[in-house]
1. So what is the 222 nm mean residue ellipticity for the chain from helices alone, if each DSSP H run of at least 4 adds -39500 (n - 2.57) and you divide by all residues, rounding to the nearest 500 deg cm²/dmol?
2. For the chain, max minus min Cα coordinate along each principal axis, in Å, sorted largest first?
3. Could you tell me how many degrees, from 0 to 90 and to the nearest 10, lie between the Cα long axis of helix 18-29 and the main elongation axis, the longest principal axis, of the Cα atoms of the chain?
4. Could you give the length gained by full extension between Ser14 and Glu68, i.e. 0.36 nm per residue of separation minus their alpha carbon distance, to one decimal place?
Amino acid sequence: MSCPICGRSACIQSFHSLEEQDLHEQREAMPDDVALLRRMVQEGALEILALKSSLKNAARALDNAGRELEAQSAYDAANP
Ligand SMILES: [Zn+2]
């Protein structure tokens, strides 16, 4: 009998890390419907794009806040 994770005959599931075993279990729990899987991948990709965009906006806002703080500090130092 071959390993359910890698398919090798000289391997068993418990030879793999717990993380690999968890990932294998998650794959086993996934539906076999290819159209549904494609939709899930698309939705995941869109979610990643939205998260990247949010991250970019947050970084920009943080950058602006830092610059305003620096300008305020410089102003305060020049006008005691
Ligand atoms: Zn294996």
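Read-outs: derived from the displayed coordinates by stated rules, not from any lab. Owing to the predicted nature of the structure, the values given are computational and were not obtained by experimental measurement.
1. Numbers: 2 runs with 57 residues, N = 80.
Helix contribution divided over all residues of the chain: -25500 deg cm²/dmol.
2. Sorted largest first, the three principal extents are 80, 32, 14 Å.
3. 70 degrees
4. On the way: separation 54, 0.36 × 54 = 19.44 nm, distance 5.51 nm.
Gain in length upon complete extension: 13.9 nm.
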